[in-house]
1. Among the numbered criteria (1) within 14 Å of chain B (Cβ to nearest Cβ); (2) at pLDDT below 95; (3) over 21 Å from the mean Cα position of the chain (by Cα), which one does A:Pro347 miss?
2. Quick check on this structure: which one of B:Ala303, B:Ala274 is crowded, with 23+ Cβ neighbours inside 10 Å, of a type in the set (A, V, I, L, M, F, W, C) and within 14 Å of another protein chain (Cβ to nearest Cβ)?
3. Against the condition in contact with a Ser or Thr (Cβ under 9 Å, 6 or more places away or on another chain), within 9 Å of chain A (Cβ to nearest Cβ) and more than 20 Å from B:Ala81 (Cα to Cα), how does B:Ala311 come out, does it pass?
4. Just checking, does the range B:289-299 include any residue being crowded, with 18+ Cβ neighbours inside 10 Å and either more than 14 Å from every other protein chain (Cβ to nearest Cβ) or under 29 Å from A:Arg388 (Cα atoms) (or both)?
5. Inside the range A:97-115, can you point out the residues that are surrounded by fewer than 23 Cβ atoms within 10 Å (Cβ to Cβ), hydrophobic (A, V, I, L, M, F, W, C) and under 18 Å from A:Leu225 (Cβ atoms)?
6. Condition first: more than 8 Å from chain B (Cβ to nearest Cβ), open to solvent by less than 50 Å² (accessible area, probe 1.4 Å) and hydrophobic (A, V, I, L, M, F, W, C). Now tell me which residues in the range A:306-324 satisfy that.
7. If I ask for residues that are within 14 Å of chain B (Cβ to nearest Cβ) and open to solvent by less than 40 Å² (accessible area, probe 1.4 Å), which ones from the range A:356-375 would you list?
8. For the range A:335-344, enumerate the residues that are more than 14 Å from chain B (Cβ to nearest Cβ) and surrounded by 21 or more Cβ atoms within 10 Å (Cβ to Cβ).
Amino acid sequence: MTQAAPVTDEALREEVRAWLADNWKGLPRSGGGAGWTASPEQKAWLAKVVEARWAVPRWPAAWLGRGLSDAQARIIEREFAAAGAPGAGQDRTNLWANTLLACGTEALKQKLVLPLLRQEVGMCLLYSEPGAGSDLAGIRTRAERVGDHFVVNGQKVWTSGAATADYGMLIARTDWDVPKHKGISFFFLPMKQPGVEVRPLRQITDESHFNEVFITDAIVPAENLLRDLGDGWSVLQTALAYERSVMGESARGGRSGAAESKTEEPLIALAREAGALGDPLLRQDLAQAIAYKRLNALNTARAKADLAQGSSSPVMSLGKLAMSRILHEEARVRTAILGAASLLEGPDHPRSEDANFLALNAYFTSIGGGTDQIQRNIIGERVLGLPREPEVDRDIPFREVRSGR
Amino acid sequence: MASLSAEERSALRDAVSRLLADKSTEADVRRTMETETGYDSGLWGQLAEMGVTGLVIEEAYGGAGAGPMEVEAVMEAAGAALLCSPLLASSVLAAELLRALGDEDAKARLLPDMAAGKTIVTAALTGDAGTWVEDGVSVTADAVDEAFALNGVASYVLNGQNADVLLVLARADDGLAVFEVDPKADGVSLAGLPTFDHTLRLARITFSGAPARRIGGAAWRAVQAAIDLALVALAGEQAGAAQRCLDFTVDYAKNRYQFGRAIGSFQAIKHMAADLLLETESAISAARHAAARLAEGAADAEAAVSLAAFACADAFTRTTADAVQMHGGIAFTWAHPAHLYLRRARADAQLFGASPAHRERFLKALGA
């Protein structure tokens with residue numbers, strides 16, 4: 001394959017528009033799948049997008065790309081978005097394929113890059129453990145080399161999509177005699193094997209989006225090791241960077257399906273509906289909760305404008321903290337509006353169900369992806385330049401690191 | 001100078017910052033705040049040369065013809081340096097009041113010297129209670145031949161002590177109107193008020209048959225326009241000051257050692273600092289957004305201005321309060337500048353209405 005000749009923005013835009021006009025006919029609505037498995041129609045469409053080289057335009061031609069600049073790739077993404085067509089710009093969003101292309105063995109890339117772009121294989125993340133949450137380098141799941149494969153034992157948690165996944169991106173400890181960050185390796189673990197048991201985890205919200213994964217003498221071929229043995233922490237940082245870049249600002253709202261006002265701030269509409277809009281104390285809380293949302297939107301807009309002018313903004317790192325504050329405050333004000341009615345739930349009380357769900361699910365943001373406290377450490381250290389918290393376990397062999405029970 | 005680009009605006013902010021880094025140091029602020037006038041006339045002249053005193057005054061009257069966004073940018077720099085000056089009173093509040101009233105005769109008489117920094121004008125808008133609302137106005141105006149005589153009290157008048165001309169909101173037979181008064185005239189007695197924030201000048205003015213000249217235009221609407229611009233200016237001041245306050249506090253946390261560690265390595269300090277960064281960055285976003293919406297005359301300008309008013313006031317007060325706490329004992333002394341910022345924050349949070357009133361106005365502007 002040869003590198004495509006440089007194209008002008010206008011020619012590129014015309015080409016992608018023409019291609020979409022010829023090929024994009026829409027997709028049937030997927031029937032309630034949680035987004036972890038693609039329908040046959042979706043897979044067929046993605047295969048077309050990959051074949052036409054729209055899926056990963058920033059990637060080199062040798063790997064299904066066009067070697068385009070970020071600016072030109074965004075032209076393609078915008079055209080796909082305008083048409084409502086999925087699949088373009090996976091070189092920005094496809095966590096699995098990006099990690100694999102950057103860090104995988106040649107054999108594993110040949111085997112999985114194409115299926116990943118076509119979503120023909122399902123994936124999950126095997127990072128967190130019951131004893132290693134925010135401190136991921138404290139993992140105790142072990143992988144031991146036996147001939148041309150590794151044998152894995154341990155337990156993972158918070159794994160979305162584990163039940164349907166074909167592979168899990170696994171971090172496991174392969175050396176116990178070096179400091180904790182140095183003895184970790186990164187694998188693509190085949191999930192459909194007898195040593196891998198997936199158990200749904202019942203959450204605080206009474207839902208089960210996550211699973212526990214129990215791994216007992218499961219096998220990983222040596223070619224599924226990414227980068228070198230003991231170099232897993234650096235692969236993980238690559239993968240986490242992709243993950244953060246695709247985690248949108250989209251927080252989940254209620255789950256009752258009750259209609260929300262399109263024209264009015266939902267909190268105001270709820271207070272109006274509940275006859276509580278005249279309460280002066282509540283009005284103060286309403287204003288503050290709405291303000292938190294608006295301020296976050298203004299921060300995001302300013303960060304984008306700064307970025308467009310070529311300067312980076314510390315504001316980008318504040319989104320998660322802001323979102324936690326927004327969600328917890330919104331839940332609190334919703335509950336205050338409803339008063340005693342928030343004691344109830346079920347189909348006859350959708351407003352209560354939404355408020356109570358939000359109150360519980362707000363922790364998804366303030367604990368998930370590293371707690372808010374870890375985020376404050378990161379902001380303090382990386383944005384404000386404050387000195388690092390001393391780490392007592394950084395330089396001692398992991399075997400000697402103290403762990404709780 | 002009308003409608004600067006974003007780059008030009010930030011160049012303006014930087015130019016004012018550089019001047020103030022030189023002329024409004026902590027030592028300058030401490031010296032100036034103890035003087036009778038409470039501002040440095042030399043520095044005022046330099047600000048006039050830069051066009052800052054005439055920022056919102058039309059070019060026809062010697063001003064720069066700029067708008068809310070330029071005012072906000074300058075005030076960020078002024079707030080960071082705790083500038084002691086009649087900028088808010090004269091160059092923002094009074095200048096915008098005159099613009100909004102639209103009385104050409106009054107504008108021609110007053111604006112050129114205001115723009116040049118030669119005349120300081122302030123607006124007396126409140127009664128004795130210091131509430132910036134229509135009901136609070138307690139000065140009355142009686143027609144006497146061709147002129148008017150004012151009676152009553154206006155208090156919390158910003159930089160009243162410094163004013164060469166007073167613009168007084170008073171009740172006439174036909175409703176509220178704005179009157180031009182010479183503070184040295186018979187029937188005007190002016191008393192400086194002892195202020196908690198020593199960088200601030202407030203006066204209580206008693207009118208006893210004081211001669212006044214009526215200025216044309218819709219008075220209350222013009223007062224609201226002037227207060228909205230003053231709120232944007234204040235929001236900029238608060239955002240800029242909060243950011244400076246956070247900066248010197250973070251520096252301190254890097255250099256102050258206790259228990260063998262820089263205190264900034266303790267999570268208790270680090271987490272406060274991270275929260276304050278969210279507060280100050282949000283304040284900057286809110287202040288700049290409000291300025292932009294007001295400049296456009298957008299339909300949602302009122303919501304944007306009131307949001308900035310309480311978000312910036314709350315951010316600044318919280319930042320200064322936490323800054324004192326994070327500094328520990330040193331910040332409890334007069335010698336440390338933290339209390340200067342704390343005092344300014346608490347004062348700014350009361351000018352033109354406090355946060356609860358702005359939250360209420362914000363909610364109303366959203367249709368609730």
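1. A:Pro347 satisfies all of (1) within 14 Å of chain B (Cβ to nearest Cβ); (2) at pLDDT below 95; (3) over 21 Å from the mean Cα position of the chain (by Cα) except (1).
2. Values: B:Ala303 fails: crowded, with 23+ Cβ neighbours inside 10 Å.
Answer to the check: B:Ala274.
3. Values: in contact with a Ser or Thr (Cβ under 9 Å, 6 or more places away or on another chain): yes; within 9 Å of chain A (Cβ to nearest Cβ): yes; more than 20 Å from B:Ala81 (Cα to Cα): yes.
Yes, satisfied.
4. From the range B:289-299, those crowded, with 18+ Cβ neighbours inside 10 Å are B:289-291, B:293-295; that's our starting set.
Among the residues that remain, those that are also either more than 14 Å from every other protein chain (Cβ to nearest Cβ) or under 29 Å from A:Arg388 (Cα atoms) (or both) are: B:294-295.
Looking for residues that are crowded, with 18+ Cβ neighbours inside 10 Å and either more than 14 Å from every other protein chain (Cβ to nearest Cβ) or under 29 Å from A:Arg388 (Cα atoms) (or both), one finds at least one in the range B:289-299, hence yes.
5. Within the range A:97-115, the subset surrounded by fewer than 23 Cβ atoms within 10 Å (Cβ to Cβ) is A:101-103, A:105-115.
Of the ones still in play, those that are also hydrophobic (A, V, I, L, M, F, W, C) are A:101-103, A:107-108, A:112-114.
Selection gives A:Leu101, A:Ala102, A:Cys103, A:Ala107, A:Leu108, A:Leu112, A:Val113.
6. Once the filter is applied, which keeps residues that are more than 8 Å from chain B (Cβ to nearest Cβ), open to solvent by less than 50 Å² (accessible area, probe 1.4 Å) and hydrophobic (A, V, I, L, M, F, W, C), the range A:306-324 yields only A:Met323.
7. At the first step, the residues of the range A:356-375 found to be within 14 Å of chain B (Cβ to nearest Cβ) are A:366, A:370-375.
Across the range A:356-375, the qualifying residues are A:Ser366, A:Gly370, A:Thr371, A:Asp372, A:Gln375.
8. To start, the set of residues in the range A:335-344 that are more than 14 Å from chain B (Cβ to nearest Cβ) comprises A:335-336, A:338-344.
The answer is A:Leu338, and nothing else.
The values are calculated or read from the model by the stated rules, or taken from the named source; none is laboratory data. If you're wondering where the values come from, they're calculated on a predicted model, not measured in any experiment. Note that we place each Cβ from the backbone using ideal geometry, even for glycine, and neighbour counts take in every protein chain shown. Only protein heavy atoms, including side chains, enter the accessible area calculation; ligands, DNA and RNA are left aside. Shrake-Rupley method; radii C 1.70, N 1.55, O 1.52, S 1.80 Å.
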